[in-house]
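K.L.:
Below is one structure. I have some questions about it.
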Amino acid sequence: MNPEVHARRRAAIVEAAAAEFATHGVDGTSTAAVCRRAGIGSGTLFHYFATKRELFHAVFADDLPRTARRCAEALAAPDPDTGLDLLTGHLIDELTDPLAPGLASAALLQANRDPEFARLLTALDAQLQEALTTLLARLAERPGRTLPLPAPSAARWIRNLIDAAHLTADAAERDITTAELRLILSWLTGRREMPPGESP
């Protein structure tokens, strides 16, 4: 098969699977439902993915190279503030995906019973942690710039806050959530102080 056609078909299957997993979870999703959504037969699906578990892994594994590129772009930015804006902006923008809460919940459940999948999520987290820590450390070296927490701790909190937002994302309150996240990140990155009781 033409490599481009193969890649497009695989991407369409993964996209269909993501929608099913987000709506019904891993256990509630059948390969037949994925095939119907993708408009393919079961033979085609199993040509690409031997099991439903492998297909679920692919939904997240495909983010590894994308995350690596985002991290590289952020680290190559002319200054750490720009790099942080690129990376955290990308992560916050993902909250606009209506599948985010369902996929986050499904991933959390699967990670608790699937060590291989847990390692996949750990690899994604490690990429982000390393890039965020490096950018924050660069900021801390600037004269007059003070971080409220050590760079590794601030990076961990940034990741944890965004992960939590993915689990609780509500379309009706998404604008408020993202505004509050940006406010908290501005404090964690030392851009501003955050007086008690302040809100966006």
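The values are calculated or read from the model by the stated rules, or taken from the named source; none is laboratory data. Not measured: the values here are computed from a predicted model. Reconstructed Cβ throughout: ideal geometry from the backbone, glycine too, with neighbour counts over all protein chains shown.
K.L.:
Is there a residue being surrounded by 13 or more Cβ atoms within 10 Å (Cβ to Cβ), out of contact with any strand residue (DSSP E or B) (no Cβ under 6 Å at 6 or more places or on another chain) and part of a helix (DSSP H, G or I) anywhere in region 4-11? Break it down into steps so the answer makes sense when it comes.
P.N.:
So in region 4-11, the residues surrounded by 13 or more Cβ atoms within 10 Å (Cβ to Cβ) come out as 9-10.
Retained after the next criterion (residues that are out of contact with any strand residue (DSSP E or B) (no Cβ under 6 Å at 6 or more places or on another chain)): 9-10.
When the remaining residues are screened for being part of a helix (DSSP H, G or I), the result is 9-10.
Checking region 4-11: at least one residue is surrounded by 13 or more Cβ atoms within 10 Å (Cβ to Cβ), out of contact with any strand residue (DSSP E or B) (no Cβ under 6 Å at 6 or more places or on another chain) and part of a helix (DSSP H, G or I).
K.L.:
Just one of 3, 65 is under 30 Å from residue 141 (Cα atoms) and not hydrophobic (A, V, I, L, M, F, W, C); which is it? Before you say what the answer is, go through the steps one by one.
P.N.:
Numbers: 3 fails: under 30 Å from residue 141 (Cα atoms).
The unique qualifying residue is 65.
K.L.:
Could you go through region 154-174 and let me know if any residue there is modelled with pLDDT of 80 or more, of a type in the set (Asp, Glu) and under 23 Å from residue 108 (Cα atoms).
P.N.:
Within region 154-174, one or more residues are modelled with pLDDT of 80 or more, of a type in the set (Asp, Glu) and under 23 Å from residue 108 (Cα atoms).
K.L.:
When region 50-81 is examined, which residues are found to be closer than 22 Å to residue 147 by Cβ and either touching a Phe, Trp or Tyr at 6+ places or on another chain (Cβ under 6 Å) or loosely packed, with under 13 Cβ neighbours inside 10 Å (or both)?
P.N.:
76, 78, 79
K.L.:
Would you be able to tell me the number of residues in region 112-129 that are touching a residue at least 60 places away in the same chain (Cβ under 8 Å), closer than 17 Å to residue 66 by Cα and not polar (S, T, N, Q)?
P.N.:
4
K.L.:
Select from region 104-126 the residues that are of a type in the set (S, T, N, Q) and under 17 Å from residue 58 (Cα atoms) and write down the one among them that is modelled with the lowest pLDDT. Explain how you work it out, then say what you get.
P.N.:
First pass over region 104-126, keeping only residues of a type in the set (S, T, N, Q): 105, 110, 112, 122.
Imposing the further condition that a residue be under 17 Å from residue 58 (Cα atoms) reduces the set to 105, 110, 122.
Numbers: 105: 91, 110: 96, 122: 94.
Among those residues, the one meeting the criterion is 105.
K.L.:
How about region 90-103: which of its residues are part of a helix (DSSP H, G or I) and modelled with pLDDT under 90?
P.N.:
Step one: list which residues in region 90-103 are part of a helix (DSSP H, G or I), which gives 90-96, 100-103.
Matches in region 90-103: 90, 91, 92, 93, 94, 95, 96, 100, 101.
K.L.:
Residues being on the phi > 0 side of the Ramachandran plot and either buried (at least 20 other Cβ atoms within 10 Å of the Cβ) or touching a helix residue (DSSP H, G or I) at 6+ places or on another chain (Cβ under 7 Å) (or both): count how many of those fall in region 12-45. Break it down into steps so the answer makes sense when it comes.
P.N.:
Kept after step one, since they are on the phi > 0 side of the Ramachandran plot, are these residues of region 12-45: 25, 39.
Remaining after also requiring either buried (at least 20 other Cβ atoms within 10 Å of the Cβ) or touching a helix residue (DSSP H, G or I) at 6+ places or on another chain (Cβ under 7 Å) (or both): 25.
Number of matching residues: 1.
K.L.:
For region 74-111, give me each residue that is over 23 Å from residue 184 (Cα atoms), free of Cβ contacts under 8 Å to residues at least 24 places away in the same chain and not hydrophobic (A, V, I, L, M, F, W, C).
P.N.:
Answer for region 74-111, where residues must be over 23 Å from residue 184 (Cα atoms), free of Cβ contacts under 8 Å to residues at least 24 places away in the same chain and not hydrophobic (A, V, I, L, M, F, W, C): just 78.
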